[in-house]
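A short write-up of the structure that comes next.
The values are calculated or read from the model by the stated rules, or taken from the named source; none is laboratory data. Quick caveat: nothing in here was measured; it's all calculated off a predicted structure. Here the Cβ is made from the backbone with ideal geometry for all residues, glycine too, and neighbour counts use every protein chain on show. Remember, those area values only see protein heavy atoms, side chains included, never the ligands or the DNA or RNA. Shrake-Rupley method; radii C 1.70, N 1.55, O 1.52, S 1.80 Å.
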Amino acid sequence: MRGESLPGVSALPWRRWVAPLAWLSVLAGLLIVMPHLGPLFAAIDPEAREPIYRRDAFVDLLVNHLLLVAVASTIAIVCGVSAAIMVTRPWGRDFLPLVSQLASIGQTFPPVAVLALAVPWLGFGGLPTVVALVLYGLLPIVRNTLVGIGEVDPATREAARGMGMSPSQVLWQLELPLAAPVILAGIRTSVTVGIATAAIGSTIGAKTLGDPIIAGIINGNTAYILQGAILIGVLALSIDSVFARLLPAQR
């Protein structure tokens, strides 16, 4: 009938975003409600003198946390994708083992150790945290970019070249679009892990959602630890659910 949409055609895109919107709503609700949950956290930790973390507003910590992750993820994406593209070109294939090893070392090297080594050179605060997050987030991006480009059918490349496409056109109009879902999956992993890892920046003076956790560990306040952990967990789930909807054909 005229004026009626076919089932599953117009409604489905909206339904795909129900989960991300729900998680973001939970996160927003926690930011509003958590400062008023003193009795609840006092019951969880009766020995806590102050059950709610109040040194900084949770919203400010969240914004700073996201800013650090966004800066680090942007650098990791640019460097990781560029390096992977370079080593898949004929002139850069000799550097493939080097790039793979460097990306693997960045993930296996503990972020705390990176912070300890970076502080004497970069000082305290957000900059050493960004360095640690970049090194820690490179591997899934590099690996998935290599896999995505490597899975492009060679016959498709040859057909593109036969149509007169230049190497750069083959890369931007064929290889990257076909590899995009795999690359995006690597970025999803990198960003989600970065959200959780960014909390360690609070150990060197960076303002993150790890502040309540560090304060709780120092003061023996379980309520503080729970507040930071809950917010970081819900934030990670929110961002991960957004990436899940950006990936095609997620059913």
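For the residues Trp14, Trp23, the requirement of being at pLDDT below 90, open to solvent by 70 Å² or more (accessible area, probe 1.4 Å), of a type in the set (Phe, Trp, Tyr) and part of a helix (DSSP H, G or I) singles out Trp14. Scanning segment 44-87 for residues being farther than 28 Å from Leu171 by Cα and more than 18 Å from the chain's Cα centre (by Cα) gives a total of 17.
Okay, residues lined up against (1) within 27 Å of Pro97 (Cβ to Cβ); (2) open to solvent by 20 Å² or more (accessible area, probe 1.4 Å):
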residue	(1), (2)
Leu115	no, no
Gly137	yes, no
Gly164	no, yes
Pro181	yes, yes
Leu184	yes, yes
Gly194	yes, no
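When the residues of segment 117-128 are filtered to those that are outside any loop (DSSP other than H, G, I, E, B) and in contact (Cβ under 8 Å) with a residue 24 or more places away in the chain, the one that is surrounded by the fewest Cβ atoms within 10 Å (Cβ to Cβ) is Val119. Could you tell me whether any residue of segment 75-87 is at pLDDT below 95, touching a Phe, Trp or Tyr at 6+ places or on another chain (Cβ under 6 Å), surrounded by 20 or more Cβ atoms within 10 Å (Cβ to Cβ) and over 17 Å from Pro128 (Cβ atoms)? Scanning segment 75-87, I find at least one residue that is at pLDDT below 95, touching a Phe, Trp or Tyr at 6+ places or on another chain (Cβ under 6 Å), surrounded by 20 or more Cβ atoms within 10 Å (Cβ to Cβ) and over 17 Å from Pro128 (Cβ atoms), so the answer is yes.
So, in segment 221-249, of the ones that are open to solvent by 40 Å² or more (accessible area, probe 1.4 Å) and free of Cβ contacts under 8 Å to residues at least 40 places away in the same chain, which residue ends up farthest from Ala132 (Cα to Cα)? Looking at residues that are open to solvent by 40 Å² or more (accessible area, probe 1.4 Å) and free of Cβ contacts under 8 Å to residues at least 40 places away in the same chain, I get Ala249.
A residue that is farther than 30 Å from Asn221 by Cα, in contact (Cβ under 8 Å) with a residue 24 or more places away in the chain and open to solvent by 70 Å² or more (accessible area, probe 1.4 Å) occurs nowhere in segment 29-45. Within segment 199-216, the set of residues being part of a helix (DSSP H, G or I) and under 13 Å from Leu231 (Cα atoms) comprises Ala199, Asp211, Pro212, Ile213.
For segment 46-66, a tally of residues being at pLDDT below 90, among the charged types (D, E, K, R) and open to solvent by less than 90 Å² (accessible area, probe 1.4 Å) returns 1.
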